[in-house]
Amino acid sequence: MGSAKTRFSLSSERPTSAAVDGLIIPVFKKTEDKTSKPKTDKKNESDAFASIVWPFALDKALLAEIAAIAAEEKFDGSKGKLLSVRQSKANQLKARRLILVGLGDPAKLLPRHWENNVQKAVSSLLGLKDFHSVAVALPTAEKLDLTAAIALAVDGVFQSTYKSLEAKDPVSNLQKAVLLTSDKVSAPLQAALKQAESLASARSLVKDLVNHPSNLKKTTTLVNQAKAIAKHPQISITVQDKTAWIEKNMPCFYTVALGSVATDPPKFIQLRYQPKTGKAKKHIAIVGKSVIFDTGGYQVKPGDFMVTMKGDMTGGAVVLAAMQALSELQPQNIEVSAYLAATPNKIDSDAMIPDSIVNTTCGKKVEIRHTDAEGRLTLIDAVTKAVENKPQEIITIATLTGSASAAVGYTIALMGNDEALRERVAAAGRLHGEPIQTLDVVEEDYENIKSKLDGADLINTSQRKHRGAQSAAAFVMSGAPESMPMAHLDIAGADMTPDEKATGISAKTIIQYLLNEDAGLSNAKSVPATASASSNASRRPAPKAAVKTTAKTKAKTKPVAKVKPVAPKTTAKATAKKAAQPPKFAAKTASKTSQAPKAKKATRAKATAVQATTVTKKVKPAVKNAPKDRQPPKNPAKAKPPAKPKGK
């Protein structure tokens with residue numbers, strides 16, 4: 001856990017007055033033409049700093065010393081360049097070491113540039129003997145407001161000191177981090193700092209869970225983490241670990257679990273956050289793919305693609321991290337339910353095989369064309385379970401397809417059936433510098449996942465080789481009514497670094513989105529129980545006549561006015577103004593399956609006999625999970641595609 005023991009604070013003192021071991025000051029590079037000025041003595045201050053913009057005033061003695069070093073090192077404030085200055089009697093620095101961080105052209109500064117450079121600068125100081133404290137001066141730029149600068153600086157410090165739980169020396173020596181601002185340290189800035197620490201801690205939690213060795217990671221790993229989060233009074237939990245219940249009520253998810261039922265049985269984890277008032281104005285569901293380890297099943301992965309598959313539960317880790325952040329920040333206007341369908345995808349004599357036809361919770365039947373497209377099979381059932389609890393929108397997070405990596409590279413592929421929702425999620429991610437590219441899911445993608453067999457509705461690959469990421473998204477969204485607004489984040493291209501370490505990507509995007517929605521609802525009415533998707537929603541294939549679905553599986557919907565994509569807070573308010581009070585969280589999770597129907601009494605009796613294992617608190621079941629079907633290359637730019645890519 002990075003910077004878990006580091007104390008963060010804000011200060012308005014001058015940077016050069018900070019008595020710390022390391023001082024980090026950002027500088028920019030001028031964009032004016034400098035060719036007309038000939039070079040002279042390299043110690044000449046005006047020449048040395050002709051290309052540098054100083055956001056902070058420094059003493060003349062210090063500037064003179066920096067000028068000489070900058071000229072020698074050819075430091076001009078270019079992006080990513082660092083300049084180190086030692087403490088001396090002449091410069092009267094209070095800090096033992098000064099690091100100047102080049103941010104380049106201020107007009108081109110992106111949030112991720114600031115975070116990456118803070119991480120780089122702090123990392124350069126970690127080797128100092130007895131290094132225990134650092135001060136970071138916050139920049140001011142047109143594209144970077146103060147609250148964003150605080151959040152990115154905190155995360156940069158967290159990431160620079162991060163070590164996995166299995167590290168031989170897991171303790172960071174950095175005890176204090178001070179963020180220096182020219183503004184008065186106010187209550188809103190203190191709140192921004194608290195939020196920044198929660199987001200950075202959440203990202204580190206994702207990395208902890210993903211980096212955990214595959215021989216030690218089990219479905220119970222996620223269960224135990226969920227229990228720890230549920231100790232907070234605003235979080236409740238239900239863990240369904242009865243295999244018979246999962247087989248009956250989530251048959252598609254159970255199909256993936258067949259290869260590991262004996263060694264690591266499936267778990268369906270449901271968490272629910274409710275504000276202290278108990279009067280949420282909006283209910284949002286988040287589902288994370290939680291495949292503990294993915295061998296690819298009988299259509300096994302090539303060796304190079306299997307080594308990072310301990311990270312196939314990144315979506316589930318993100319969902320848990322989001323719930324942890326909510327418990328700390330306690331938004332007052334939103335209710336959030338989280339769903340994880342946790343299981344490995346392994347091989348044994350009972351594991352799923354190609355050409356199978358299996359049922360789903362929503363009543364559609366799926367033709368299994370590839371056992372390595374397992375993530376969407378767990379997700380479709382989890383999404384349907386989430387629908388039962390009547391959220392206003394659903395967000396799924398999954399390392400789902402190799403096609404997403406091919407399409408957008410080291411970036412989040414963001415899709416959905418509601419343009420306004422998709423754009424609000426994108427805006428939240430970009431605020432924190434997380435790379436996001438939106439992709440459209442169109443009618444063709446739903447056509448591509450239709451089965452040609454008369455006994456099935458869907459296939460778990462695609463009829464065509466193209467648009468694998470979009471087809472997988474269409475499959476996942478098929479678990480909900482077409483009117484349900486959904487966003488889908490395929491993070492398969494960016495969940496691991498080139499050296500096979502977790503990145504924690506998308507955690508900050510999801511948390512910031514939830515906080516934006518909460519802020520936008522502060523002075524608004526409640527949102528309708530089930531909002532209809534915007535007019536660009538793609539159609540989903542209906543189940544064939546042979547498949548019977550209970551009435552309860554069909555969500556009741558009310559159309560609402562379309563919302564144009566705007567800034568996150570504005571959109572949330574605009575949506576909320578046309579709202580009505582949402583219903584209370586569903587008290588029961590109905591047993592649903594598309595298998596042969598039985599008498600109502602028998603069904604209810606059996607459902608009563610197979611009760612959920614409730615942990616910590618009794619909660620009305622809320623269920624959601626985000627699967628992942630992909631073969632992510634270790635180095636997307638160089639790796640050759642496998643013989644049969646995951647996202648079909």
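FRET efficiency for the pair ILE353 and ALA167, taken as 1/(1 + (r/R0)^6) with r the Cβ-Cβ distance and R0 = 30 Å, rounds to 0.15.
Taken one residue at a time, the phi angles of the range 518-525 give Karplus couplings (6.51, -1.76, 1.60, θ = phi - 60°) of 5, 5, x, 9, 4, 10, 10, 7 Hz. Gly and Pro are set to x. Working from label points 7 Å from Cα in the Cα-to-Cβ sense, the ARG86 to GLN463 distance is 7.2 nm.
Hey, can you rank 349-356, 170-177 by average C-beta count inside 10 Å, highest first?
On the way: 349-356: 13.6, 170-177: 16.6.
Going by the mean number of other Cβ atoms within 10 Å, highest first, we get 170-177, 349-356.
Between GLU73 and ASN224, the contour length at 0.36 nm per residue exceeds the Cα-Cα span by 49.2 nm. Scanning residues 5 or more positions from LEU23 or on other chains, those with amide H under 5 Å from its amide H are ARG97, LEU98, ILE99, ALA135, with H placed 1.01 Å from N in the peptide plane.
Ligands, DNA and RNA excluded, the heavy atoms of HIS466 present near 140 Å² of accessible surface to a 1.4 Å solvent probe. Using a simple spin-label model with pseudo-atoms 7 Å out from Cα toward Cβ, LYS60 and LYS501 lie 4.5 nm apart. Taking all protein chains together and a 1.4 Å probe, the residues SER483, SER214, SER204 rank SER214, SER483, SER204 from largest to smallest accessible area.
Taking amide H as placed 1.01 Å from N in the peptide plane, the amide H of GLU393 sits under 5 Å from that of ALA285, each at least 5 places away or on another chain. Positive end of the dipole of the range 384-497 (Cβ unit charges, origin at the Cα centre): among VAL387, THR497, SER483, the Cα lying farthest that way belongs to THR497. Taking 0.36 nm per residue of separation and subtracting the current Cα-Cα distance, fully stretching the chain between LYS143 and HIS232 would add 28.4 nm.
Sequence-ordered 3J(HN,Hα) estimates for the range 447-456 from the Karplus curve with 6.51, -1.76 and 1.60 and θ = phi - 60° stand at 5, 5, 9, 7, 6, 8, 7, 7, x, 9 Hz, glycine and proline given as x.
Ranked by accessible surface with a 1.4 Å probe, highest first, in what order do GLU335, GLU443 come? Don't jump to the answer; show the numbers that get you there.
Values: GLU335 15, GLU443 80 Å².
The most accessible residue leads, giving GLU443, GLU335.
Once all protein chains are placed together, GLU367 keeps about 10 Å² accessible to a 1.4 angstrom probe.
Mind checking the full-extension length gain between SER214 and SER123? Use 0.36 nm per residue of separation minus the Cα-Cα distance, one decimal, nm. All intermediate terms of the calculation are to be shown ahead of the outcome.
Numbers: separation 91, 0.36 × 91 = 32.76 nm, distance 2.82 nm.
Separation in residues times 0.36 nm, less the Cα-Cα distance, equals 29.9 nm.
For LEU126, the solvent-accessible surface computed with a 1.4 Å probe is close to 70 Å², ligands and nucleic acids excluded. If R0 equals 30 Å, the separation of the Cβ atoms of ASP130 and LYS184 corresponds to a calculated FRET efficiency of about 0.40.
Of the cross-linked pairs LYS143/LYS289; LYS81/LYS143; LYS194/LYS525; LYS242/LYS390; LYS120/LYS501, which ones have a Cα-Cα span greater than 22 Å in the structure shown?
Working: LYS143/LYS289 34 Å; LYS81/LYS143 20 Å; LYS194/LYS525 27 Å; LYS242/LYS390 24 Å; LYS120/LYS501 17 Å.
Checking Cα-Cα distances, LYS143/LYS289; LYS194/LYS525; LYS242/LYS390 exceed 22 Å.
Rounded to the nearest Hz, the phi-derived 3J(HN,Hα) couplings of the range 134-149 under the Karplus curve 6.51 cos²θ - 1.76 cosθ + 1.60 (θ = phi - 60°) are 9, 10, 10, 7, 8, x, 10, 8, 4, 9, 9, 7, 5, 5, 5, 4, where x marks glycine and proline.
For GLY416, nonlocal amide neighbours, meaning residues 5 or more places apart or on other chains whose placed amide H falls under 5 Å from its own, are VAL441, HIS488.
The values are calculated or read from the model by the stated rules, or taken from the named source; none is laboratory data. Quantities reported herein were computed from a predicted structural model and do not represent experimental measurements. With ideal geometry, Cβ positions are generated from the backbone for all residues, glycine too; neighbour counts draw on all protein chains shown. Note: accessible area is taken over every heavy atom of the protein model, side chains too, but ligands, DNA and RNA are not part of it. Shrake-Rupley method; radii C 1.70, N 1.55, O 1.52, S 1.80 Å.
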